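Derivation of every value follows stated rules applied to the coordinates shown; laboratory data play no part. If you're wondering where the values come from, they're calculated on a predicted model, not measured in any experiment. Reconstructed Cβ throughout: ideal geometry from the backbone, glycine too, with neighbour counts over all protein chains shown.
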Amino acid sequence: MNSWLRPFSWLWVSPNSLLGIALLLPDALGRGRVRLVDGVLEAHGPFLRFLLRRAWPIGGASAMTLGHVVIARDQAALDATRIHERVHVAQYELWGPLFIPAYLVASVLALARGGDVYRDNAFEAEAFAVESRSDEVAIRD
C-alpha cells in the first residue's frame with residue numbers, strides 16, 4: 001500500500017482494530033506479549049490463549065485478525081499463521097468496518113451450500129490459497 005494511503009487505511013479499519021486492542025489489553029497489562037510487526041500489532045498471552053481455545057464458537061483457533069491486530073495463542077501460532085493472517089489484514093483494509101458482517105455472511109453462504117462454515121468461507125479460502133502459494137515458493141527455493 002502506498003505510504004500516503006496508510007493513515008486512511010488505519011482510520012477505515014479502526015473500529016475493528018479497536019476491538020482487537022480491547023481483547024489484547026488483559027495480556028498487554030499482564031504476562032502477555034504485544035509487538036508491532038510490519039505495521040500490525042501481534043499479541044499473545046494467557047487470556048488470548050483461553051479465548052482462542054475455549055471461547056471461540058467454532059472449536060478453537062490458533063490466531064485471529066481484527067483489523068490491524070492479530071491475536072494468537074502463543075508466539076509459535078503467530079509465526080505459523082503470519083502469512084494467512086496478513087491476508088485477513090488486507091481484507092480488512094478493503095472492507096473496513098464491513099468486514100465482520102461480510103465474513104459472517106460468507107460463512108452462512110458456505111453453510112447453505114453444504115460446505116464448512118470456516119474452510120469454505122470465501123475470505124478463508126483466499127487466505128489459504130495465498131498461504132499455499134507461499135508454501136510452494138518456499139519449497140522451490
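Side notes on the structure shown:
- Taking the inverse of the mean 1/r over every pair of distinct Cα atoms in the chain gives a Kirkwood hydrodynamic radius of 15.7 Å.
- Once the Cα-Cα distance is subtracted from the 0.36 nm per residue extended length, the residue 122 to residue 83 segment shows a gain of 12.4 nm.
- Exposure proxy for 71, 100, 21: other Cβ atoms within 10 Å of each Cβ, ordered fewest to most, give 100, 21, 71.
- For a paramagnetic label modelled on residue 100 (point 7 Å from Cα along Cα→Cβ), amide N atoms under 20 Å away belong, within segment 19-44, to 19-28, 40-44.
- DSSP-defined beta bridges in the chain - what % are antiparallel, rounded to 5: 70
- Loop-resident trypsin sites (Lys or Arg not before Pro) (DSSP state other than H, G, I, E or B) in segment 41-128 with no more than 15 further Cβ atoms inside 10 Å of their Cβ: 113, 119.
- The chymotrypsin sites (Phe, Trp or Tyr not before Pro) of segment 1-83 that meet both conditions, a loop assignment by DSSP and at most 11 other Cβ atoms within 10 Å of the site Cβ, are 4.
- Charged side chains reduced to their Cβ positions (Lys and Arg at +1, Asp and Glu at -1) give the chain a dipole of some 420 debye around its Cα centre.
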